[in-house]
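Participant: Take this structure first; my questions come after.
FYI, it's all coordinate maths here, none of it is from the lab. Values in this document were obtained by computation on a predicted structure and should not be read as measured data. Because the Cβ atoms are built from the backbone with ideal geometry, glycine has one as well, and the counts that use them run over all protein chains shown.
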Amino acid sequence: MSSFAVVVQGAPYDSQAALTAYHFSRAVLQSGHSIYRLFFYQDGVHNASSLCTPPQDELNLPRAWQQLIQEHQLDAVVCIASALKRGIADAGEASRYELPVSNLLAGFTIGGLGLLMDATANADRLLNFAP
Amino acid sequence: MTAAKSPEFLFICRHSAWTSQASACLETVLTAGVFEQDAALILEGDGILQLLPGQDGSVLQQKTLANQLPALELYGITRVYVEYAAAKERGLNLDDFILPAVPLQPGQLKDMIANSRHVLVF
């Protein structure tokens, strides 16, 4: 069995990257492998937004990620620089920058690129999903 | 500088300087340097335009990525490669680039990707 680090660089709905990353991650776990860390980078940070509201007959990808993360107790890190630049903030960052709202879905955490380096050092394989 | 040895961590950037992908790639490569990773950078396609001299981001109210590229060596990243075909297609001379970069032929590019432990593409 292998451990994977999964990097998601695509926003939900803009390209196939995020949805494929989601299906890959679910398949990995169903096959008995493990995910050391999910790392959401660049436009991929939008996968962690609590404000995405697609039509009811379409998949809510951020909520699907959240469910997967909570089901398997995954470490899901959102790059702090990418997130703040794109308007994704947890309560702490929203307070620090005096933003009117926080919108990071529960289950995701904000962190730096050092956590990506740590993932590459500790996972057997790095999978990168970019548009 | 040689094209023969593949790094543990290979970064590939296919975007020109005025893109979020290019700046994110450089930021990640520099972070790898901070963590003393065995890393190398390949600029493919439009990515090689990052190495052109005379760039000025102030016109676009952006940072000039070319000013940050020399930091690679300071962070221990001494292996920068370019896709030879991309330079040729664009009529660029490697001697004009702002950093010394080793040209890779298609076979060398393929081998480097195949033999690196991790590959992160921007």
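Participant: Just how large is the dipole of the range B:37-86 about the Cα centre, in debye to the nearest 20, putting +1 at every Lys and Arg Cβ and -1 at every Asp and Glu Cβ?
Facilitator: It works out to roughly 140 debye.
Participant: Please figure out what share of the DSSP beta bridges in the protein assembly as shown is antiparallel and state it in percent, rounded to the nearest 5.
Facilitator: 5 percent
Participant: Out of the range B:57-98, which trypsin sites (Lys or Arg not before Pro) are coil in DSSP terms and have no more than 13 other C-beta atoms within 10 Å?
Facilitator: Here the sparse-neighbourhood loop sites are B:K63, B:R90.
Participant: Any idea what log10 I(q)/I(0) is at q = 0.17, 0.21 Å⁻¹ for chain A, Debye with uniform C-alpha scatterers and no solvent?
Facilitator: -0.83, -1.25
Participant: Let me ask another. From the gyration tensor of the Cα coordinates in chain B, what semi-axes in whole Å does the equivalent ellipsoid have, largest first, with each one equal to sqrt(5λ)? Walk me through the numbers before you get to the answer.
Facilitator: Numbers: eigenvalues 90, 61, 29 Å².
Calculated on Cα positions only, the semi-axes equal 21, 17, 12 Å.
Participant: Now for a different question. Using the crude model of +1 on Lys and Arg Cβ and -1 on Asp and Glu Cβ, and no other charge, please compute the dipole size for chain A relative to its Cα centre, in debye to 20. Provide the component values of the computation, followed by the final result.
Facilitator: On the way: 7 positive and 11 negative charges, 29 e Å.
So the magnitude is around 140 debye.
Participant: Which one of B:A71, B:L60, B:P103 has its Cα pushed farthest toward the positive end of the charge dipole of chain B, where Lys and Arg give +1 and Asp and Glu give -1 at the Cβ?
Facilitator: So the residue furthest toward the plus end is B:P103.
Participant: Let a ≥ b ≥ c be the square roots of the eigenvalues of the Cα gyration tensor of the range A:28-98; is it rounded (a/c under 1.5), or, if not, prolate (a/b larger than b/c) or oblate?
Facilitator: The shape class here is oblate.
Participant: Around A:I35, which amide H atoms from residues at least 5 apart in sequence, or from another chain, sit under 5 Å from its own amide H, with H modelled in the peptide plane?
Facilitator: A:F4
Participant: Which GluC sites (Glu not before Pro) does the range A:45-114 hold that lie in a coil by DSSP with at most 11 other beta carbons within 10 Å?
Facilitator: Working: sites: A:E58, A:E71, A:E93, A:E98; in loops: A:E58, A:E98.
Passing sites in the range A:45-114 are A:E58, A:E98.
Participant: About its Cα centre, what dipole magnitude does the protein assembly as shown give when the only charges are +1 on Lys and Arg Cβ and -1 on Asp and Glu Cβ, stated in debye to the nearest 20?
Facilitator: Dipole magnitude for the protein assembly as shown comes out near 200 debye.
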